Structures are given as C-alpha cells and as structure tokens.
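Bear in mind that the values in this text are calculations on the coordinates, not laboratory data. Just so we're clear, the structure is a prediction, and the values are computed from it rather than from any experiment. Using ideal geometry, Cβ is built from the backbone for each residue, glycine included, and neighbour counts are taken over all protein chains shown.
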Amino acid sequence: MAHTYSIGDLAREFDLTTRAMRFYEDMGLLQPERTGPAGRNRVYSSRDRTRLKLTLRAKRLGFSLVEAKEIIDMYDSPRDTAVQLEKFLLVLSQHQQQLEAQMTDLQANLDELKVHQREARALLAKTQSKKAKA
C-alpha cells in the first residue's frame, strides 16, 4: 500500500500552514484524493509530497508558482524527455538572466550606498574636527 499523508502531516513536515496547502491545491500543484463526508478530508499521495517539495524548491530559487507548476507538470506528462529538458533549460536560462540583472542592480545600489557612507564620514570628521578646535 502506498504511503499517504494528511494535510496536517505535510504542513508540519514542510513548515507550512494548511491554508498554504489549500492554495497550492487551488493552483493545481497538489491533487489530493477527497474522502469522508462531502469529500472534506484530503489524502495526499507520495506524488503530492514530491510535488510540494519541488514547489518549495522552485520558490526558493525565485520561480513563480505558475512557473513552478509548468516545470513540475512537464515531468508528469508522457512527452519526450529531450523536449522537457530543453524547455526546462530555457526556463532556467531566463530565470538566471533575471537574477543576474537583479544582482547588477543590487551591486549598483551597494556601490552608491558606499559612496554616500564615505561622504557622510568625511563630513562628520570635518564637523568633529571644527568642534575640537573651537
């Protein structure tokens, strides 16, 4: 018998709220089986657990949930592996370019901040020097 998980099990394991789990379900990232009265109980499979783990990894890498779903869904489909890998590499390349652009912007901001710090320190030293002479 395959291992199953409750919403609470996975929420605790991955340090998520059950609300977040339901949101991932609404996004189509998870597809638990429904049991109990009116299908109120969610039963997650090992496949759902893996998809959740991949979703959280994609989020850490900065992917949107839509991008994460596209990538994860590629591996669920019976399509050609080469096509899947080419698409995956394209998505990774685009994301890498975006992160590198952000890093360039951040470096420019840091450089500007350092210039302002040097100027402020120099002015402070000048001001303190005038006070000491007075």
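Worth a mention:
- Burial ordering of Leu92, Leu106, fewest other beta-carbon atoms within 10 Å first: Leu106, Leu92
- Protection proxy ranking of 25-34, 10-19 - average other beta-carbon atoms within 10 Å, highest first: 25-34, 10-19
- The stretch between Glu67 and Met103 holds 10.9 nm of extra length on full extension. This uses 0.36 nm per residue minus the Cα-Cα distance.
- In the chain, the DSSP-assigned H stretches of four residues or longer account for a calculated mean residue ellipticity at 222 nm of -24500 deg cm²/dmol, using -39500 (n - 2.57) per stretch and the full residue count as denominator.
- Comparing Leu89, Leu110, Leu61 in a Gaussian network model of the chain where C-alpha atoms under 10 Å apart are linked, the largest mean-square fluctuation is found at Leu110.
- Rel. contact order, % - alpha carbon contacts under 8 angstrom, at least six apart, the chain: 16 percent
- Sequence-distant lysines (8 or more away, or on other chains) whose Cα lies within less than 23 Å of Lys126: Lys114
- Between 0 and 90°, nearest 10: helix 46-60 axis offset from the chain longest Cα axis: 20 degrees
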